[in-house]
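Colleague: Got a structure for you, questions after.
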Amino acid sequence: MMPLPILYSFRRCPYAMRARLALHIASCAVEHREVILKEKPPALLAISQKATVPVLQTEDGKVIDESLDIMLWALNSAPSNLALTHYKSAPDRRILWPEQKKLIAENDADFKFWLDRYKYADRYPEHTQHYYRSKAEEFILKLEQRLTQQSTLNASTQIKPYLFSDYQSIADLAIFPFVRQFAGVDSTWFHQSCYVNVKCWLKRQLESDSFRQIMIKHPQWRESREI
Ligand SMILES: N[C@@H](CCC(=O)N[C@@H](CS)C(=O)NCC(=O)O)C(=O)O
C-alpha cells in the first residue's frame, strides 16, 4: 500500500484547522497524527525544528511546516476538479490572490497578536480586556466592510457573500478559524455586536460539512514501541 502524507495536527489550533480544511476540500487523504503540544512526539521534532503544528510530510519525504503552504500544496495537488477552481485565482478574475495573501498576513500578524491578548487578558495586565478586544475589532471591522461590499455586489441574487466573491476562497478558509476564537471569548457580546455580515459568514462556515468533518476527534498519536 502506498504510504499517505502524514499530518501532525492539533484539533483546536486554528492554523491546523485551515490546513485540515484545505486537505479535506481537496480530498487529500492523510495519516492524521494528533499532537498534544506539551508532549510533542520525537517524530515531529525530528522533521521540524520549530515543531509548530500543522506539519505535513508528503509521500516523498518533503516537510511543509507552514499552514498556508500546506493549504496551497493540498489545493494544487488535488486532481483537476471543478469544485476547486474557485480556490485558485486564475479562473475567476475577481479573486485576487495577492490581496488574499495580504489579508491572511494581516490576520496572522496583527489580528492574532490582539486576539491572544483578548483571550488571555489576565496574562497581559498592561491593558484591559476591553482594550484588547477593541484592537482586534479593527480587523473584524475590515472583514465586515469587505463582506458588506460583496453583498452589495450580489444584491440582486441575494447570494451570501464570502470575503472575495460569492465563493469561499483560500482567505475565507484561512481566516475564519481565528474569527471563531474571537467570537468564543465572549460569545454573548459577539452575538449582540454590530458585525452582522461577519456573524453570518462565520456561522455558515462553522455549520459547513467540511468544518464538521475536520473537527472529528482523534486520540493522541503515539509512536508504536513495537519492532
Ligand atoms: N506560522 C505557523 C504557526 C503555527 C502555530 O503557531 N501553531 C501553534 C499551535 S496553534 C503551535 O504549534 N505552537 C507551538 C507550541 O505551542 O509549542 C503556521 O502557520 O503553521
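The values are calculated or read from the model by the stated rules, or taken from the named source; none is laboratory data. Remember, predicted model here, so these are calculated numbers, not experimental data. For neighbour counting, all protein chains shown are included, and Cβ atoms are generated from backbone atoms with ideal geometry for every residue, glycine included. Each accessible area value is taken on the protein alone, full model and side chains, heavy atoms only, with ligands, DNA and RNA left out. Shrake-Rupley method; radii C 1.70, N 1.55, O 1.52, S 1.80 Å.
Colleague: Among the residues that make up region 151-170, is at least one of them open to solvent by less than 40 Å² (accessible area, probe 1.4 Å), in a helix (DSSP H, G or I), closer than 22 Å to Ile25 by Cα and touching a residue at least 12 places away in the same chain (Cβ under 8 Å)?
Modeller: Yes, that holds for at least one residue.
Colleague: OK, next. Quick one: Ala83 ticks every box in (1) at pLDDT 95 or above; (2) assigned to a helix (DSSP H, G or I) except a single one, so which number is it?
Modeller: Condition not satisfied by Ala83: (1).
Colleague: Residue check: is Phe139 assigned to a helix (DSSP H, G or I), closer than 24 Å to Ser208 by Cβ and open to solvent by less than 80 Å² (accessible area, probe 1.4 Å)? Before the answer, list the steps.
Modeller: Working: assigned to a helix (DSSP H, G or I): yes; closer than 24 Å to Ser208 by Cβ: yes; open to solvent by less than 80 Å² (accessible area, probe 1.4 Å): yes.
In short, yes.
Colleague: Could you check region 184-227 and list, in sequence order, the residues that are of a type in the set (A, V, I, L, M, F, W, C), within 30 Å of Ser27 (Cα to Cα) and crowded, with 16+ Cβ neighbours inside 10 Å? Explain how you work it out, then say what you get.
Modeller: Going through region 184-227, the residues of a type in the set (A, V, I, L, M, F, W, C) turn out to be 185, 189-190, 194, 196, 198, 200-202, 206, 211, 214-216, 221, 227.
Now drop any that are not within 30 Å of Ser27 (Cα to Cα), which leaves 198, 200-202, 206, 211, 214-216, 221.
If the condition is that a residue be of a type in the set (A, V, I, L, M, F, W, C), within 30 Å of Ser27 (Cα to Cα) and crowded, with 16+ Cβ neighbours inside 10 Å, then Val198, Trp201, Leu202, Phe211, Ile214, Trp221 are the ones that fit.
Colleague: OK, next. How many residues does region 15-51 hold that are farther than 22 Å from Asn76 by Cβ, touching a residue at least 24 places away in the same chain (Cβ under 8 Å) and of a type outside the set (Lys, Arg)?
Modeller: Kept after step one, since they are farther than 22 Å from Asn76 by Cβ, are these residues of region 15-51: 33-46, 49-51.
When the remaining residues are screened for being touching a residue at least 24 places away in the same chain (Cβ under 8 Å), the result is 33-37, 39, 41-44.
Imposing the further condition that a residue be of a type outside the set (Lys, Arg) reduces the set to 34-37, 39, 41-44.
Of the residues in that region, 9 qualify.
Colleague: Looking at (1) closer than 30 Å to Tyr167 by Cα; (2) within 13 Å of the ligand (Cβ to nearest atom), which is the one condition that is false for Gln49?
Modeller: Just one mismatch for Gln49, condition (1).
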